[in-house]
Amino acid sequence: MAIVVANKEISPGVFKLSVQGRFTGKIGQFYMLRAGERYPLLSRPISIFDLEEDRLDFLIQVAGEGTTRLSELKPGDRLTLDGPFGNGFPSLVGRIAFVGGGIGIAPFYYALREAPQADVYLGFSREPYMVEEFRTLARGNVTVDVGGSILEKVDFRAYDTVIACGPHPMLYAVQRKQEEIGGQAKVYVSLENRMACGIGACLVCSLKCRDGRKKACADGPVFLADEVVFA
């Protein structure tokens with residue numbers, strides 16, 4: 001259990017939830033969150049947005065019953081929280097690009113604490129959010145697109161490592177772009193699959209890869225883009 005210290009709506013349907021306590025976590029990892037002891041039954045996987053000595057922050061987009069209840073939490077409320085889970089991001093070396101679509105921007109803020117020199121690409125279908133916070137933390141370029149395709153602004157050939165997080169159609173487009181242009185960059189995708197346990201026991205987040213089925217929670221959520229079978 002954890003204690004909520006803040007829960008602010010930063011954009012329509014998007015909340016920044018902060019809990020108090022001492023937590024651990026690598027960049028790209030996630031926690032399983034639930035806003036009640038009995039209901040909803042299943043926790044929701046939420047990426048680490050930021051981690052400080054006595055505080056853990058998440059970005060939450062309301063998409064159903066579980067995330068609605070998380071958005072309704074008030075300071076002082078208790079939250080069921082387990083983690084961290086997942087393999088996290090690979091070693092960040094060379095020229096780096098972080099590419100986030102919508103709520104997929106979340107893991108890159110914490111990643112900037114480790115790699116502030118990275119270029120950041122933030123794509124939104126409607127109102128952008130947290131852009132100034134990213135610009136304050138980043139030493140590289142921060143590029144924003146609203147209503148279009150953020151991938152059109154990213155030249156994979158300019159980087160050694162590209163990491164993308166967002167909805168599956170966007171990540172599929174990342175894979176296709178890598179195949180089309182080639183280049184030396186290692187391109188990774190961080191998947192937003194539905195999950196139930198976070199440890200690979202329930203198989204809810206099973207996905208097809210080129211070398212067989214894998215679990216997004218235990219084997220991922222970060223995979224090489226050319227490893228995943230999207231179509």
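The values are calculated or read from the model by the stated rules, or taken from the named source; none is laboratory data. Please read these numbers as outputs of a predicted model, since none were measured by experiment. Counting neighbours? That spans all protein chains shown, and the Cβs are built from the backbone with ideal geometry, glycine included. Only protein heavy atoms, including side chains, enter the accessible area calculation; ligands, DNA and RNA are left aside. Shrake-Rupley method; radii C 1.70, N 1.55, O 1.52, S 1.80 Å.
Projecting the Cα atoms of A111, V14, F89 onto the charge dipole of the range 9-143, computed from C-beta unit charges around the Cα centre, puts F89 farthest toward the positive end. Of all DSSP-defined beta bridges confined to the chain, some 65% are antiparallel rather than parallel. Shown here are the Rg and Dmax of the Cα trace of the range 11-103, at 14.0, 46 Å.
Put simply, the C-alpha atoms of the range 108-231 give a gyration tensor, and the ellipsoid matching it has half-axes of 25, 18, 14 Å, longest first. Radius of gyration over Kirkwood radius for the range 1-159, both on Cα atoms: the Rg/Rh ratio is 0.97.
Rounded to the nearest 20 debye, the dipole size of the range 113-196 about its Cα centre is 120 debye, using +1 on the Cβ of Lys and Arg and -1 on the Cβ of Asp and Glu.
Tilt of helix 168-181 relative to the longest C-alpha principal axis of the chain, in degrees (0 to 90, nearest 10)? Approximately 20 degrees, to the nearest ten. Look at the alpha carbon pairs under 8 Å that are at least 6 residues apart: their mean separation over the length of the chain gives a relative contact order of 18 percent.
Listed by chain and number, the lysines whose alpha-carbon sits under 30 Å from that of K186, ignoring those within fewer than 8 places in the same chain, are K26, K153, K177, K208, K214, K215. Surface composition of the range 85-231: carbon plus sulfur atoms hold 47% of the accessible area, using a 1.4 angstrom probe and ignoring ligands, DNA and RNA. Search the structure for amide H atoms under 5 Å from the amide H of Y121, placed 1.01 Å from N in the peptide plane, and list their residues when 5 or more places away or on another chain. Under 5 Å from the amide H of Y121: F98, V99, G100, T143. With all protein chains kept in place, the per residue accessible area of the range 52-110 amounts to 41 square angstrom at a probe of 1.4 angstrom.
For a straight C-alpha distance cut-off of 18 angstrom, the lysines reachable from K8 (same-chain residues fewer than eight places away being disregarded) are K16, K74.
Its Cα centre serving as origin, the range 1-110 has a Cβ charge dipole (Lys and Arg +1, Asp and Glu -1) of approximately 120 debye.
Using θ = phi - 60° in the Karplus curve 6.51 cos²θ - 1.76 cosθ + 1.60, the 3J(HN,Hα) couplings for the range 24-32 round to 10, x, 8, 4, x, 7, 9, 10, 9 Hz; x is entered for Gly and Pro.
Projecting the Cα atoms of C217, I3, M170 onto the dipole axis of the chain, where Lys and Arg carry +1 and Asp and Glu carry -1 at the beta carbon, places C217 farthest toward the positive end. With θ taken as phi - 60° and the Karplus curve 6.51 cos²θ - 1.76 cosθ + 1.60 applied, the whole-hertz 3J(HN,Hα) list for the range 215-231 is 10, 4, 6, 8, 8, x, x, 9, 10, 4, 4, 7, 8, 8, 9, 8, 7 Hz, x standing for glycine and proline. Counting 0.36 nm for each residue step from R139 to S125 and taking away their Cα separation leaves a gain of 2.5 nm.
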